[in-house]
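Colleague: I have a structure I would like to understand better, so I am pasting it below and will then ask my questions one at a time.
What follows is calculated from the coordinates using simple rules that are stated; it is not laboratory data. Keep in mind the model is a prediction, meaning the values are calculated, not measured. So basically every Cβ, Gly included, is an ideal-geometry build from the backbone, and we count neighbours across all protein chains shown.
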């Protein structure tokens, strides 16, 4: 058997999703380890050239392109992990570009609360986040500003859910986990999603009140 380090560039998948993606590209292999965007895929020794060729591909999942990048095969899981972890930094630009592409969706995403109240041409999520970050800077300094810039990024994946929608908190938490997982190995100093929600919530609400005036 051989092991291939595979980088899955996109919002992080859970294990069944990652296994389904990889097996759709090269059937017959087996996912043996998943660490965020890094997967270790086991194949038969005689398939290594074919597997590497098959696994370098792009797939669209739920409207989002996932870029799969593979490295040479290794004889052990440990060695494949070492190669893959180095590869995360070698391919840093792919993760950053993909992340920024997803963030750009917020510029065209209207704030749902205003739409359901009949407000024509409502502000976008990006516009809300910008002023909320300025408010947080005035109240808390740079840390607050950065936190407010990031606090609604999960909406790039699931949209702007209304407060009373069933499962809202769970959906937002899962979307944030998948999105932040893309880059947290590159920027471990980023605050967690739940910390953003707790610590600077008043700046978020104050911006909402200002918009309503």
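Colleague: If you stretched the chain out fully between residue 44 and residue 181, how much longer would it get, using 0.36 nm times the residue separation minus the C-alpha to C-alpha distance?
Modeller: Numbers: separation 137, 0.36 × 137 = 49.32 nm, distance 2.99 nm.
Separation in residues times 0.36 nm, less the Cα-Cα distance, equals 46.3 nm.
Colleague: For helix 125-140, report the angle its Cα long axis makes with the longest principal axis of the Cα atoms of the chain; keep it between 0 and 90° and round to the nearest 10°.
Modeller: That helix lies at roughly 70 degrees to the long axis.
Colleague: Figure the gain on full extension for residue 189 and residue 77 (residue separation times 0.36 nm, minus the Cα-Cα span) and round it to one decimal in nm. Each step should come with its number before you reach the end.
Modeller: Numbers: separation 112, 0.36 × 112 = 40.32 nm, distance 2.83 nm.
Fully extending the segment from residue 189 to residue 77 adds 37.5 nm.
Colleague: Can you match Rg and Dmax of the Cα atoms in Å to one of these, (i) 17.0, 53; (ii) 20.0, 68; (iii) 21.0, 82, based on a calculation from the structure here?
Modeller: (ii)
Colleague: With a Förster radius of 35 Å, plug the Cβ-Cβ distance of residue 162 and residue 57 into 1/(1 + (r/R0)^6) and report the FRET value to the nearest 0.05. Write down the numbers at each step before the final one.
Modeller: Values: r = 37 Å, r/R0 = 1.06.
My answer for the efficiency is 0.40.
Colleague: Along the three principal axes, how long is region 78-147 when you take its alpha carbons, biggest first, rounded to the nearest angstrom?
Modeller: 57, 29, 18
Colleague: Apply the a/c threshold of 1.5 to the C-alpha gyration tensor of region 103-212 and tell me whether it is rounded, prolate or oblate.
Modeller: Details: a/c = 1.73, a/b = 1.20, b/c = 1.43.
Because a/c hits 1.5 or more and a/b fails to exceed b/c, region 103-212 counts as oblate.
Colleague: By how many degrees, 0 to 90 and rounded to 10, does the Cα axis of helix 77-90 deviate from the longest principal axis of the chain?
Modeller: Here the helix axis deviates by roughly 50 degrees.
Colleague: Right, next: Using a Gaussian network model of the chain with C-alpha springs under 10 Å, which one of 154, 93, 26 is most mobile by mean-square fluctuation?
Modeller: 93
Colleague: Report, in degrees rounded to the nearest 10, the 0 to 90 angle that the Cα long axis of helix 201-212 makes with the longest principal axis of the chain.
Modeller: 50 degrees
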